[in-house]
């Protein structure tokens, strides 16, 4: 009989990366403001092995205009959160989600004016 033990403790990697309730609250708050302004119409969430992605769409069945990503492996380096544009360019990266999302808030202010 062969027994396999799952390691426990801080060295254990989760099966997939996910946004927690607080992070989703911050992201969905921003999303709601853009929907109210008529800028965004749809979103998708992916929880993968190394990254969680919140993708924002102007219309359904289109490429995302922005991706908000969480990559825990970058936590001690550039920061685990990033906002990526449609062209793949990283618009902002950092350790604090609210600070990183401010790059999109500036776009909302321009859209409403």
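The values are calculated or read from the model by the stated rules, or taken from the named source; none is laboratory data. Remember, it's a predicted structure, so these values are computed and weren't measured experimentally. Virtual Cβ from ideal backbone geometry, glycine too; neighbours counted across all protein chains shown.
Here are the numbers:
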read-out: Residue list for segment 32-42, restricted to those being surrounded by 18 or more Cβ atoms within 10 Å (Cβ to Cβ) and either out of contact with any helix residue (DSSP H, G or I) (no Cβ under 8 Å at 6 or more places or on another chain) or not in a loop (DSSP other than H, G, I, E, B) (or both); value: 34
read-out: Flag if residue 97 is within 15 Å of the chain's Cα centre (by Cα), on the phi < 0 side of the Ramachandran plot and either at pLDDT below 90 or surrounded by fewer than 15 Cβ atoms within 10 Å (Cβ to Cβ) (or both); value: no
read-out: Looking only at segment 50-63, and only at residues there that are at pLDDT 90 or above and out of contact with any helix residue (DSSP H, G or I) (no Cβ under 9 Å at 6 or more places or on another chain), the one that is nearest to residue 16 (Cα to Cα); value: 53
